[in-house]
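The values are calculated or read from the model by the stated rules, or taken from the named source; none is laboratory data. Since we're looking at a predicted model, the values are computed, not measured. Here the Cβ positions follow ideal geometry from the backbone for every residue, glycine too, while neighbour counts run over all protein chains shown. Please note that ligands, DNA and RNA were not included when accessible areas were found on the heavy atoms of the full protein model with its side chains. Shrake-Rupley method; radii C 1.70, N 1.55, O 1.52, S 1.80 Å.
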Amino acid sequence: MTGVQTCALPIYWDKGYSVQQTTDGGYILTGCKSCYVGGDVWLLKVKASNIWHVATTGSDVSGDGSADNPYATIQAGIDASSDGDTVLVAAGTYVENISISGVVTLLSSSGAGSTIIDGGQNARVVLLNQGTIHGFTITHGLGGIKSDGGQIVNCFIINNSTETTGEDGGGIYASHYGTVDTTFITNVTISQNY
């Protein structure tokens, strides 16, 4: 057998060949992995994530989501984002109803005591589908959060009501159809919802 290595013991090794930056700010990594003689070649494209900024002093018309030129509404930041991105929200009260779909992190810069999403009694304050919401007060909605999977972390969910809508879950309504749809709730205060 010419050119073929044989061995009675397993051979373990990983080897990286190259790292190349792409025009969109990501990276392409190539290499090889072997558990036994033979192995797998791998190619990974790693996308650099973006941070989109939102502030009550921003503008959805002229803002670009940068720290110096933020959006005015949380939904504008979410709409600009893609999977893996973070929408960083400055302290203030944002009167809107938002929808987070995809692997996006919605993060307040000052915590739930200073960053409020007020649903204005129009609809559920937050529709969450696989994203993360971290550090907000969720209030005055026809329901607080409806989750089809994702994470709710360090939030206050207060004074929401589904009384006039006939829906369940004044504070949080979570529906699950499998492990992907699981909602993880960590350090959340749910109070005075009905």
* **Meets criteria (modelled with pLDDT of 95 or more, surrounded by 14 or more Cβ atoms within 10 Å (Cβ to Cβ) and assigned to a loop (DSSP other than H, G, I, E, B)) for residue 84** => no
* Asked: When both residues are 6+ apart or on different chains and their Cβ atoms are under 6 Å apart, which pairs have a first residue that lies in segment 56-73 and is of a type in the set (Phe, Trp, Tyr), and a second that is assigned to a loop (DSSP other than H, G, I, E, B) and at pLDDT 95 or above?
  -> 71/58; 71/60; 71/63; 71/65
* To do: Check whether at least one residue in segment 178-188 is over 17 Å from the mean Cα position of the chain (by Cα), in contact (Cβ under 8 Å) with a residue 40 or more places away in the chain and either surrounded by fewer than 19 Cβ atoms within 10 Å (Cβ to Cβ) or in a strand (DSSP E or B) (or both), and report yes or no.
  => no
* All positions within segment 30-72 that are open to solvent by less than 40 Å² (accessible area, probe 1.4 Å) and modelled with pLDDT under 60 -> 34
* Counting only residues that are under 18 Å from residue 154 (Cα atoms), at pLDDT below 95 and not in a strand (DSSP E or B), how many does segment 112-134 have? -> 1
* **segment 146-167 - residue that is on the phi > 0 side of the Ramachandran plot and open to solvent by less than 50 Å² (accessible area, probe 1.4 Å) and, of those, farthest from the chain's Cα centre (by Cα)** => 149
* To do: From (1) over 20 Å from residue 54 (Cβ atoms); (2) under 16 Å from the mean Cα position of the chain (by Cα), pick out the condition that doesn't hold for residue 170.
  => (2)
* To do: Quick one: count up the residues across segment 88-101 that are open to solvent by less than 20 Å² (accessible area, probe 1.4 Å) and either over 13 Å from residue 136 (Cβ atoms) or part of a loop (DSSP other than H, G, I, E, B) (or both).
  => 0
* Pick from 116, 133: which is β-branched (Val, Ile, Thr) and surrounded by 23 or more Cβ atoms within 10 Å (Cβ to Cβ)? -> 133
* Criterion violated by residue 161 - all others in (1) at pLDDT 90 or above; (2) within 29 Å of residue 50 (Cβ to Cβ); (3) out of contact with any Ser or Thr (no Cβ under 8 Å at 6 or more places or on another chain) satisfied -> (2)
* Asked: If you go through segment 137-145 one residue at a time, do you hit one that is open to solvent by less than 40 Å² (accessible area, probe 1.4 Å), part of a strand (DSSP E or B) and modelled with pLDDT under 95?
  -> no
